[in-house]
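Accompanying notes for the structure given below.
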Number of protein chains: 4
Amino acid sequence: MSFNSFGRVFRFSTWGESHGPAIGAVVDGCPPGLALSEADIQPFLDKRKPGTSKFTTQRREADEVRILSGVFEGRTTGTPISLMIENTDQRSKDYSEVAKAYRPGHADYAYDAKYGFRDYRGGGRSSARETASRVAAGAVARLVIPDVDIFAYVSEIGGDAIDPARFDASEIDNNPFFCPDPEAAKRWEKLVDEARLDGSSLGAVVECVASGVPAGWGAPLYAKLDSELAAAMMSINAVKGVEIGDGFAAARLRGEQNADPMRPGDDGAPVFLANHAGGIAGGISTGQPVKVRIAFKPTSSILIPVETVTREGKASDIVTKGRHDPCVGIRGVPVVEAMMALVLADQKLLHRAQCGDEAC
Amino acid sequence: MSFNSFGRVFRFSTWGESHGPAIGAVVDGCPPGLALSEADIQPFLDKRKPGTSKFTTQRREADEVRILSGVFEGRTTGTPISLMIENTDQRSKDYSEVAKAYRPGHADYAYDAKYGFRDYRGGGRSSARETASRVAAGAVARLVIPDVDIFAYVSEIGGDAIDPARFDASEIDNNPFFCPDPEAAKRWEKLVDEARLDGSSLGAVVECVASGVPAGWGAPLYAKLDSELAAAMMSINAVKGVEIGDGFAAARLRGEQNADPMRPGDDGAPVFLANHAGGIAGGISTGQPVKVRIAFKPTSSILIPVETVTREGKASDIVTKGRHDPCVGIRGVPVVEAMMALVLADQKLLHRAQCGDEAC
Amino acid sequence: MSFNSFGRVFRFSTWGESHGPAIGAVVDGCPPGLALSEADIQPFLDKRKPGTSKFTTQRREADEVRILSGVFEGRTTGTPISLMIENTDQRSKDYSEVAKAYRPGHADYAYDAKYGFRDYRGGGRSSARETASRVAAGAVARLVIPDVDIFAYVSEIGGDAIDPARFDASEIDNNPFFCPDPEAAKRWEKLVDEARLDGSSLGAVVECVASGVPAGWGAPLYAKLDSELAAAMMSINAVKGVEIGDGFAAARLRGEQNADPMRPGDDGAPVFLANHAGGIAGGISTGQPVKVRIAFKPTSSILIPVETVTREGKASDIVTKGRHDPCVGIRGVPVVEAMMALVLADQKLLHRAQCGDEAC
Amino acid sequence: MSFNSFGRVFRFSTWGESHGPAIGAVVDGCPPGLALSEADIQPFLDKRKPGTSKFTTQRREADEVRILSGVFEGRTTGTPISLMIENTDQRSKDYSEVAKAYRPGHADYAYDAKYGFRDYRGGGRSSARETASRVAAGAVARLVIPDVDIFAYVSEIGGDAIDPARFDASEIDNNPFFCPDPEAAKRWEKLVDEARLDGSSLGAVVECVASGVPAGWGAPLYAKLDSELAAAMMSINAVKGVEIGDGFAAARLRGEQNADPMRPGDDGAPVFLANHAGGIAGGISTGQPVKVRIAFKPTSSILIPVETVTREGKASDIVTKGRHDPCVGIRGVPVVEAMMALVLADQKLLHRAQCGDEAC
């Protein structure tokens, strides 16, 4: 089956293809009375927008969102919020070759195997263009959790990582890589540009931190906060790995190293002396910052020929022309933030449903 | 909210606490007519059972499963299958100290923050004992996907990894670590035993492979096969990271390295020359083996004192006496296999719902 | 919470308000490869369209549907189908009075009590205009169940029922009441017109029959076919009662009268000698026609003054000007048909998921 | 698919067959901290228990419930509550004839058509015995809505209705029919006894009222309070019709008769001068009593022979020996109450999720 909805009580459904007339999201379950207009959503879409530097795809999309329902006199009504973004720069002529043969790394073959045929124009539904819908929905989610601060950044491109000692959150928006380490950003300019000129592509690691999450959000056992975050992040195009807190590094620690010791805090809540857990224990938030780390594979669309087969089963080579991101992880940053917001908004409402308002 | 159900059409719900009278699972949506008896489930529970070596907890549980419904004359009827395992070796007296103070790394504080109080006996609902229910449900799931072969193993303990060159699947059941490399297994004996004697614990990495999955399973976009697997694995106690295929390593590859080239196969389906993708593209299986890698943190129950606070907010130290696994990842192996089976059975049925029988 | 989605594997979500820029539906889980264009949907919308006779509201809406996604080269792709209908004849000026006081029988007070405020223009989200979205989604559902024939009709208006002896299905589309009894249709002209001129309104009973449903559809116990139909029909604006088969009349029968005797049929399947059950036993279809009966209350918008209170809690009278249906049940006919199709399409796919293709 | 779960955030799943070792329910999403023991559940089960008079089946079941999880030190923990009731009086020898031929009115043929075979002992999963699980779950639901008062009664048996003028709620528990009119109760003694001695059975109408429901519960559009109630009630064995408020009678009223006029109330909330709507407008509660009316068909198990076919497709007659209720609607009363409680508890939590604590 196709499942294009996410969330349990704060839910969104997305629709649309890379080269259709429009894409969109329907956000359902949003609390009433929140101030909302297009201006609350547009900045997040602008951050994800293609064509803003030579390090992203050259497809030009204004990505202007329209609110078609669910808002009256500037406030959410509690009914579904329909968000639509028109596609304006689709160039379907580029895709004749893709129609005939499968691009390795792409969903081409898998979609064909599942559905018997596919919309080959720009990857159709499997295109990362869909993530604009999530970003729009995520902007609404942020309004539900005003006390939570979410930010993400790229911590590694092509295996070249930032220096944690030089981490400076204020630098993230000062370079085209969402990089918090200005020196790494400089190196990446060269790295990404070289890959682009080679017709190749690079992978990346994105990290996301949500602070201000109170202790108590999360729905054990099968809607654990970390489980939901893992599902949310792994659903993003090109993502191949998700870590909570120390993630795989925790597997190399001993118990006493991995424990996050607690001390009495000023306000009654404990203070933690470490955060190996990434703010989640037993699937429930602890009040510490929630930390997620996400691996993006290199963009599968490259100009270097790769062996493939045609729909008729003949051997062939394929190069993917058209306009592509040399490192799709970069534009993953606002998408990761959106998914974090969408999961947390849902979990806040779920917690309120079961336990009442107090901890929210 | 509490969400103790997993799956969309093949679904299971689990219930029970570490020190209650019993634990169990209700499996719903199972196809009718499958041969099923307790003997089909018990071997998987035996594999997860505690107390089988000095490398696992010394709690003694027979873990005998009873089928209470959903089977008639030896076959599934298509109605809910209720599975129950009685707890027989709970020793609640061990937990008086846990009632008073929070064990760092455990869910103690988070559950208290969420629910206002908690069942402190053995972790209550947050105990890994719950995973027996999943293993029982997973045994039913395997019957739904008879053509799929699933196996998991430990590939790393405490940072000491197997040598892929020495990988031998037939060795996995020859040692108490589910280790496919006999030399690593020998080293781990010493490693785990030392940690145990120190009152410490170790983390581990588990890998799981499912072969025989046809191309076409997976439900884009928000029930992608990889997204569901990530949710499933991250919902297991102590898991902090999930990778599909190359995972984080893919973030360090270039596009042409990461592509899985295709060649024409004998039966019409393409042959892939590599499997960086772990058998999933665009959230849909490609027909290659599905590969997942999971990070388990070290057991949080250790005898080395850790700073903590009491429920009253006073500073304290805590050591976790009682019976615990020195490396909880080891017994994670049958649990990971079960979650793989549960996701795949669900996706098979979802695929059949939308696309009909042909590809199943 | 707001829950604007219906269905389990064949699902749809609707959005939009009476006086917003547009309304729409997103249909998810549709099988791939079905021929679909706007022309497959428009006739059903035309049937529901307002303004076609003096017996329905005079609001003029073209109700032209656009398919924004999920169809490629004339066939469904298996991905979400976004359907949009622009509102063109909203006249918000009519609703100043409604903003101040609650219209009895309408959702005005309940929405205010729930959400703290409401979109009062034409009832906002609670307007029957939303049913156009369902009708559009229902047209897609029909493609999933091509062997099922669905038709509905009005069997009673204002207490004046058709004569079953004069039932003629071919008459249904020959009068503005979807009435299968031409003599009743004549009487209703006068009846409805008098109510309209009085500024009053009338209730109606709609009956719906689906033939060609094979035995075996339905998902016991909590997604029984009759339970899903009851939910579906009761979710339609103004509906206050649902009967399956003989419904309340069955409560007055004795066991031997109510039994539907079976005789061997030519093709192996039994032949039933009666259909008191309305084609459903134990929540599962029996192969007989599925029969549902639905009660619509009289339109709540009337010109006769009714006692009410203002938002400020003051006593007041209200008459509902604007353009309204004198008998909202009439235009309920295509909506009821759509909900029948949507439930059956979902159940067909659910059945196929669990039991395979054979019975579909 | 089989769907044995109901509810959205306050959810329950049931399992078990008429003649298996036990039946049960798992209640999930229950708020923490509620006082709960078996003694809170048992009285409701006792009310539904068979064998208490000659007007119900003579099967003897103690129907003793055990709580297996989710409660610690007498309070709900917020984790799943597993409830189990052992079957003690199954007599499978009675069912050899049922194995061979289909009982008209029962689910026998439909289950066979769906699943290919069936547990024929006492109807297996389709037995009304399952309703004990609902009643147990409903007892937990009542704890979630302590300010709501729910009661149901039989208003009609075999077409013989109570006199509303003689309605006396205190009489309901004074007779074996849950009848609020003592004179009707007397007539029914004779009526039901005659049907029983004839080997026949009678239908019934049950009415249920929930008072104390605040305005604002309900989740438009596809989880409307009335829609959820319709689904809940129609999922009960033998139910063929559901009405909200005036139901089908509303279809015979004019708009001004059906309107529930409002006047200012003392506490700010409006006072309604009538309740044709049954306490629900636009799918949301209005603060008036929620009223539902349910039609039960006559018990399908009768001693009068009915024409049927065998599994092999041969003509046959069948009489259903064994122990059966002559009027299954009578014991439907506690089941209807339970479903009302289960829907309202869920809707309360859903409302709290979206809109916060205030209106709860």
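The values are calculated or read from the model by the stated rules, or taken from the named source; none is laboratory data. Everything numeric here is computed off the predicted structure, so don't read it as measured data. Reconstructed Cβ throughout: ideal geometry from the backbone, glycine too, with neighbour counts over all protein chains shown. To get the accessible areas, we keep the full protein, side chains included, count just its heavy atoms, and leave off ligands, DNA and RNA. Shrake-Rupley method; radii C 1.70, N 1.55, O 1.52, S 1.80 Å.
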What percent of all Cα-Cα pairs in the stretch D:141-237 falls in each 10 Å bin, counting up from 0? 13, 36, 31, 16, 4
Percent of alpha-carbon pairs separated by more than 33 Å within chain C: 31 percent
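How much accessible area is lost when chains A and C come together, counting both sides, with a 1.4 Å probe, in Å² rounded to the nearest 100? Please report the intermediate quantities before stating the final value.
Working: alone 16960 and 16950 Å², together 30510 Å².
The buried area between A and C, both sides summed, comes to about 3400 Å².
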Are there residues in the stretch C:157-178 whose accessible area shrinks by at least 40 Å² when all protein chains are included rather than the chain by itself, and which are they (probe 1.4 Å, ligands and nucleic acids not counted)? none
Carbon/sulfur accessible area of the stretch C:134-215, % of total, 1.4 Å probe, equals 49 percent
Take the solvent-accessible surface of the protein heavy atoms, probe 1.4 Å, and return the percent of it on the stretch B:232-360 that carbon and sulfur atoms account for. 48 percent
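Roll a 1.4 Å probe over the protein chains and send me the accessible area per residue for the protein assembly as shown in Å².
On the way: 43010 Å² over 1440 residues.
For the protein assembly as shown, the per-residue accessible area is 30 Å².
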Straight-line reach from B:K54: which lysines have Cα under 20 Å away, leaving out those fewer than 8 places along the same chain? B:K186, B:K190, B:K297, B:K321
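Quick one: what do you get for the stretch D:281-360 if you divide its Cα Rg by 2.2 N^0.38 Å?
On the way: Rg = 21.2 Å, N = 80, 2.2 N^0.38 = 11.6 Å.
Here the Cα radius of gyration is 1.82 times the empirical estimate.
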So who's got an amide H within less than 5 Å of the one on A:V271, skipping anything under 5 residues away but keeping other chains? H placed 1.01 Å off N, in plane. A:R263, A:G265
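Under 13 Å from the Cβ of D:E307, count the other residues' Cβ atoms, weight Lys and Arg +1, Asp and Glu -1, and hand me the total. Could the numbers behind the result be given before it?
Working: positive: C:R263, D:R103, D:K314; negative: C:E256, C:D260, D:D317.
Net charge in that neighbourhood comes out at 0.
How would the stretch A:59-215 be classified by its alpha-carbon gyration tensor: rounded, prolate or oblate, with rounded meaning a/c under 1.5 and the a/b versus b/c comparison settling the rest? Spell out each step's value before the answer.
Details: a/c = 2.08, a/b = 1.04, b/c = 2.00.
Oblate shape, in that a/c is at least 1.5 and b/c is the bigger or equal ratio.
Once R0 is set to 41 Å, what does the formula 1/(1 + (r/R0)^6) return for the Cβ-Cβ distance between A:E73 and D:S170, expressed as a FRET efficiency to the nearest 0.05? The partial results should precede the final answer.
On the way: r = 50 Å, r/R0 = 1.22.
Calculated value: 0.25.
Checking the table C:K240/D:K224; A:K47/B:K224; A:K47/A:K114; A:K240/A:K291; B:K224/B:K291 against a 23 Å threshold on Cα-Cα, which pairs fail? Don't skip to the answer; put the middle values down first.
Numbers: C:K240/D:K224 12 Å; A:K47/B:K224 26 Å; A:K47/A:K114 34 Å; A:K240/A:K291 17 Å; B:K224/B:K291 15 Å.
Flagged as over cut-off: A:K47/B:K224; A:K47/A:K114.
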Give the angle, between 0 and 90 degrees and rounded to the nearest 10, that separates the Cα long axis of helix A:131-144 from the longest principal axis of the Cα atoms of chain A. 20 degrees
The helix C:182-197 Cα axis meets the longest alpha-carbon principal axis of chain C at an angle in degrees, between 0 and 90 and rounded to 10, of 20 degrees
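Provide a whole-number value for the mean count of partner chain Cβ atoms within 10 Å of the Cβ atoms in peptide A:143-155.
Details: counts 0, 1, 0, 0, 0, 0, 0, 0, 0, 0, 0, 0, 1.
Average per residue, whole number: 0.
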What is the percent of Cα-Cα separations in the protein assembly as shown that go past 64 Å? 9 percent
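Per-residue Cβ counts within 10 Å, from other chains only, averaged over D:291-298: what number is that? Intermediate results must be reported in sequence, preceding the final value.
On the way: counts 0, 0, 2, 2, 10, 3, 15, 10.
Mean number of neighbouring Cβ atoms from other chains: 5.
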Which angle from 0 to 90°, rounded to the nearest 10, does the C-alpha axis of helix A:332-355 make with the longest principal axis of chain A? 40 degrees
Return the inverse of the average 1/r over all pairs of distinct C-alpha atoms in the stretch A:1-93, which is the Kirkwood hydrodynamic radius, in Å to one decimal. 14.5 Å
Table column - 3J(HN,Hα) (Hz), the stretch C:223-231, Karplus curve with 6.51, -1.76, 1.60, x for Gly and Pro: 10, 3, 4, 6, 5, 5, 5, 4, 4
When the Karplus curve 6.51 cos²θ - 1.76 cosθ + 1.60 is applied with θ = phi - 60°, which whole-Hz ³J(HN,Hα) does each residue of the stretch B:281-288 get, with x for Gly and Pro? 9, x, x, 10, 5, 9, x, 7
Label points for B:S96 built 7 Å along Cα→Cβ; distances to same position in the other copies, nm, shortest first, come to 6.2, 7.7, 8.4
Under the convention of a label 7 Å out along Cα→Cβ, give the distances in nm from A:R60 to the same position in every other copy, shortest first. 4.0, 7.8, 8.8
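Let me confirm one metric for peptide D:208-221, namely the mean number of other chain beta-carbon atoms within 10 Å of its residues' beta-carbons. Intermediate results must be reported in sequence, preceding the final value.
Working: counts 0, 0, 0, 0, 0, 0, 2, 6, 8, 3, 7, 9, 16, 19.
Whole-number average of other-chain Cβ neighbours for D:208-221 is 5.
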Give the separation of the Cα centroids, the stretch C:327-360 to the stretch D:52-123, in Å. 29 Å
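Helix-only estimate, please: 222 nm mean residue ellipticity of chain D, summing -39500 (n - 2.57) across DSSP H runs of length 4 or more and dividing by its residues, to the nearest 500. Could you put the intermediate results ahead of the total?
Values: 8 runs with 92 residues, N = 360.
Mean residue ellipticity, 222 nm, calculated: -8000 deg cm²/dmol.
Order D:227-239, C:160-172 from most to least packed using the mean count of other Cβ atoms within 10 Å. Don't skip to the answer; put the middle values down first.
Details: D:227-239: 28.0, C:160-172: 13.3.
Top of the packing list down: D:227-239, C:160-172.
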Along the stretch B:150-167, what does the Karplus equation 6.51 cos²θ - 1.76 cosθ + 1.60 (θ = phi - 60°) give for ³J(HN,Hα), rounded to whole Hz, x for Gly and Pro? 10, 8, 10, 7, 8, 9, 7, 10, x, x, 9, 9, 5, 9, x, 5, 9, 4
Interchain or sequence-distant (5+) residues whose placed amide H lies within less than 5 Å of the amide H of B:S155 are B:V205, B:V206, B:E207
